[in-house]
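First the structure, in the form of structure tokens, and then the observations on it.
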Amino acid sequence: MTDPTPSPRPRVLAARAAFADILAQLDTVADVTHNPEDRVYTPSELRALLADKHGAFITASERIDRELLAACPQLRVISTMTVGYDHIDVAACRQQGIVVTHAPDVLTETTADFGFALLLAAARRVTEAERHLRAGQWTRWSVDFFAGADVHGSVLGIVGMGRIGQAIARRAAGGFAMRVLYHNRHRLSAEAEQAAGGAQYRALDDLLAESDHVLLALPYSPDAHHLIGAKQLARMKPGATLVNIGRGGLIDEPELAVELHSGHIGAAGLDVFEGEPKVHPALLAAPRTVLTPHIASASIPTRRAMVQLAVDNLLAVLQGRPPLTPVPA
Ligand code: DGY
């Protein structure tokens, strides 16, 4: 005999609006609360909206902490469209039996492109020069006009040699004849080092001392809080560039501003900030600094792919299948 009472459809919160055609796929299996105005919910609004939900589509702007989880006893899956998941208390989710998924791989090449764009823009003073021109200050040309540092043929130190770090290393060695150093929790295999432009492992202090440009491409964790502080900045070569496409909390921002003012750090290119969307006023006032609002993965095809993967993960878990890309154990 068939059960006459079909099991009720799961309830899902699509916490942000993005690519309605992709998010609409959720409507086929769940009762979805959408956010067509794309409001960024306050923590208490988010808690109230999630209180009766089984699943959630979120971005890096939605913080999932223990307090919120305590109010959401029915949650089964949280799917973030980002590769980073430091905005989610994964341990607390696991204790509550909630599956957490993220969106690796699909953004690797696009994010690596942007890391390189920031490196080039900062080292070659692109946005600073543009601001000068737009302000009507270009009245004469001079030999050292916005002269910066060379990128080609220089030494790039990559901190965080995951998928994105390796994609940057390939661009650096293959396209710009750079010598690539890297620091990572685990050393890569010889084959992987070869594929990453012949990248050579260094202890962090040695990488900082040897690199003309240092690029951070690692996730945030409490262990990595202010990984680059006053001591590390002092170890960097005079005139070196610092680029961050990882997470804001990796750099002590006021200390970086001090070193930019002193000229010890030649330039900085930052896409992520400790208190984003607020940016530390010291950084806003710092010279030779390119600041962008967390857009390294923001090409339309890649953002679509990230949202699609997040939706596929939600659908899989809600339909009783294993998630495609759970966060690593
Ligand atoms: C990510 O996917 O983690 C990017 O930083 C966008 O938040």
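The values are calculated or read from the model by the stated rules, or taken from the named source; none is laboratory data. Here the structure is a predicted model, which is why all the values come from computation and not from measurement. Virtual Cβ from ideal backbone geometry, glycine too; neighbours counted across all protein chains shown.
The set of residues from segment 137-173 being surrounded by 12 or more Cβ atoms within 10 Å (Cβ to Cβ), of a type in the set (Gly, Ala, Ser) and out of contact with any Ser or Thr (no Cβ under 8 Å at 6 or more places or on another chain) comprises Gly148, Ser154, Gly160, Gly162, Gly165, Ala169, Ala172, Ala173. Would you call Glu253 in the same structural domain as Leu119 (by TED's automatic domain parsing), in contact with a Phe, Trp or Tyr (Cβ under 9 Å, 6 or more places away or on another chain) and away from the ligand (no atom under 16 Å from the Cβ)? Against the criterion (in the same structural domain as Leu119 (by TED's automatic domain parsing), in contact with a Phe, Trp or Tyr (Cβ under 9 Å, 6 or more places away or on another chain) and away from the ligand (no atom under 16 Å from the Cβ)), Glu253 qualifies. Checked against (1) within 16 Å of the ligand (Cβ to nearest atom); (2) in a loop (DSSP other than H, G, I, E, B), Ala329 passes all but a single condition, namely (1). Within segment 271-280, identify whether any single residue is within 16 Å of the ligand (Cβ to nearest atom), surrounded by 18 or more Cβ atoms within 10 Å (Cβ to Cβ) and farther than 30 Å from Phe19 by Cα, and answer yes or no. No, the conditions are met nowhere in segment 271-280. Against the numbered list (1) more than 16 Å from the ligand (Cβ to nearest atom); (2) part of a helix (DSSP H, G or I), Val307 comes up short only at (1).
The helices (runs of 4 or more DSSP H) found wholly in segment 36-130 and carrying at least 1 residues that are within 16 Å of the ligand (Cβ to nearest atom) and in contact (Cβ under 8 Å) with a residue 24 or more places away in the chain occupy 90-95, 108-123.
For Leu324, the conditions (1) part of a loop (DSSP other than H, G, I, E, B); (2) within 16 Å of the ligand (Cβ to nearest atom); (3) farther than 25 Å from Val99 by Cβ are fulfilled apart from (3). Of all residues in segment 214-223, none are surrounded by fewer than 14 Cβ atoms within 10 Å (Cβ to Cβ), within 18 Å of Leu242 (Cα to Cα) and among the acidic types (Asp, Glu). Please verify whether segment 150-164 includes one or more residues that are within 16 Å of the ligand (Cβ to nearest atom), free of Cβ contacts under 8 Å to residues at least 60 places away in the same chain and assigned to a loop (DSSP other than H, G, I, E, B). Yes, segment 150-164 contains at least one residue that is within 16 Å of the ligand (Cβ to nearest atom), free of Cβ contacts under 8 Å to residues at least 60 places away in the same chain and assigned to a loop (DSSP other than H, G, I, E, B). All conditions in (1) of a type in the set (Asp, Glu); (2) touching a helix residue (DSSP H, G or I) at 6+ places or on another chain (Cβ under 7 Å); (3) closer than 24 Å to Ile300 by Cα hold for Asp27, with the sole exception of (2).
Every condition in (1) surrounded by fewer than 19 Cβ atoms within 10 Å (Cβ to Cβ); (2) of a type in the set (A, V, I, L, M, F, W, C); (3) within 15 Å of Gly84 (Cα to Cα); (4) within 16 Å of the ligand (Cβ to nearest atom) is met by Leu291 except one, and the failing one is (3). Being of a type in the set (A, V, I, L, M, F, W, C) and within 24 Å of the chain's Cα centre (by Cα) holds for only one residue in Leu133, Leu188, and it is Leu188.
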